[in-house]
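The values are calculated or read from the model by the stated rules, or taken from the named source; none is laboratory data. Worth saying up front: this structure is predicted, and the values here are computed from it rather than measured. Here the Cβ is made from the backbone with ideal geometry for all residues, glycine too, and neighbour counts use every protein chain on show.
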Amino acid sequence: LAYAAFYGDVEHKVTPVKSGYHVTLTYNLYLPNDVTLDATVSVLRESTEGELREILQELLDDLTFLPKEGSLGFSLKYQYPV
């Protein structure tokens, strides 16, 4: 299983997948204007979290996805402007 992550302010190109699977997870981070947070607090709207859980569960329930098992990893590291 391979993955790539791109910053939103950087141009990137994804070439066709010749074998295996290509799963894309796209997200945008927003902070309401009336909310002040310190750096240790994260915010995820319940509706967004539910949608993400549902989509990932459908993918994981698909027996053709990772038929020989594997791992999924998500690493978020960026200094987002707030």
With the first residue restricted to the stretch 56-70 and required to be more than 13 Å from His22 (Cβ to Cβ), and the second required to be part of a loop (DSSP other than H, G, I, E, B), Cβ contacts under 6 Å at 6 or more apart or on different chains are Gly70/Leu1
Screening Leu52, Leu76, Leu29, Leu1 for residues that are modelled with pLDDT of 70 or more and of a type outside the set (Gly, Ala, Ser) leaves only Leu52
